[in-house]
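Peer 1: Right, I'll just put the structure down here and ask away after.
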Amino acid sequence: MHLRSAVVLALLLPSSTFAQSEQSESGGISKTLEMPAHRALIARIGKDDATLAPFETDGCSGGLSEVWRLVSSQLPDFAEAHEEAPPWEACCVTHDHAYHGIAAAQTAEASFDARLQADVKLRSCVIDTGETRKAGVADHYAVEVETVEQAYEMIAESMYLAVRFGGGPCSG
């Protein structure tokens, strides 16, 4: 299957179907697409001059943390309800640490598995954050707790899909 066809197919699948495929097949279609990058990472790590760059994070990537701070600085009610940074920003930093730690992988397969685990944990962390905040958010907006739970599940799933499609191993 050509790369473009595989990406189009993955984008056409419902997100929940894709996510289930990712977990049940230890990666599914994305594994096929991303293994060359993991092999390149392992080859780079194996070189004598390879050094791991210092850890850096931007909070939640894709401009999420940056835009959140901008919105909260302009809308006091938003900041009051949701803080000045995304409530799940610690999840993103933990996720960044996990990606940085993948450099310790010895094989491309281990690198892929570690990345997938980090992405799954990110999704779970965002959902867990919603669990701790759902009552307060529901009260603030006068909505049902289930509505807040659904919102956090959608946010978590969107972030998961974003890191699965947008992230990947870096080989410098």
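The values are calculated or read from the model by the stated rules, or taken from the named source; none is laboratory data. Computed from a predicted structure; not experimentally measured. Every residue, glycine among them, receives a Cβ derived from its backbone with ideal geometry; neighbour counts consider all protein chains shown. To get the accessible areas, we keep the full protein, side chains included, count just its heavy atoms, and leave off ligands, DNA and RNA. Shrake-Rupley method; radii C 1.70, N 1.55, O 1.52, S 1.80 Å.
Peer 1: Is it fair to say GLY101 is at pLDDT below 95, touching a helix residue (DSSP H, G or I) at 6+ places or on another chain (Cβ under 7 Å) and either of a type outside the set (A, V, I, L, M) or not in a helix (DSSP H, G or I) (or both)?
Peer 2: The answer is no for GLY101.
Peer 1: Among the residues of region 144-154 satisfying the criterion of being free of Cβ contacts under 8 Å to residues at least 24 places away in the same chain and open to solvent by 60 Å² or more (accessible area, probe 1.4 Å), which is nearest to the chain's Cα centre (by Cα)?
Peer 2: Here the residue is MET154.
Peer 1: List, please: which pairs have Cβ atoms under 8 Å, are six or more places apart or on different chains, and start with a residue in region 61-89 that is more than 22 Å from SER124 (Cα to Cα) and end with one that is assigned to a loop (DSSP other than H, G, I, E, B)?
Peer 2: Matching pairs, first to second residue: GLU66/ASP58; GLU66/GLY59; ARG69/GLU84; ARG69/ALA85; SER72/GLU83; SER72/GLU84; SER72/ALA85; SER73/GLU84.
Peer 1: Further question: Does ALA108 satisfy the condition of being touching a Lys or Arg at 6+ places or on another chain (Cβ under 6 Å) and either closer than 14 Å to MET35 by Cα or of a type in the set (D, E, K, R) (or both)?
Peer 2: Yes; evaluated as a whole, the condition is true for this residue.
Peer 1: What is the number of the single condition among (1) within 21 Å of THR51 (Cα to Cα); (2) open to solvent by less than 20 Å² (accessible area, probe 1.4 Å); (3) within 10 Å of the chain's Cα centre (by Cα); (4) not polar (S, T, N, Q) that VAL126 does not meet?
Peer 2: VAL126 satisfies every listed condition except (1).
Peer 1: Now a separate question. Looking at region 82-89, can you tell me whether even one residue there is among the charged types (D, E, K, R), in contact with a Ser or Thr (Cβ under 8 Å, 6 or more places away or on another chain) and not in a loop (DSSP other than H, G, I, E, B)?
Peer 2: Looking for residues that are among the charged types (D, E, K, R), in contact with a Ser or Thr (Cβ under 8 Å, 6 or more places away or on another chain) and not in a loop (DSSP other than H, G, I, E, B), one finds at least one in region 82-89, hence yes.
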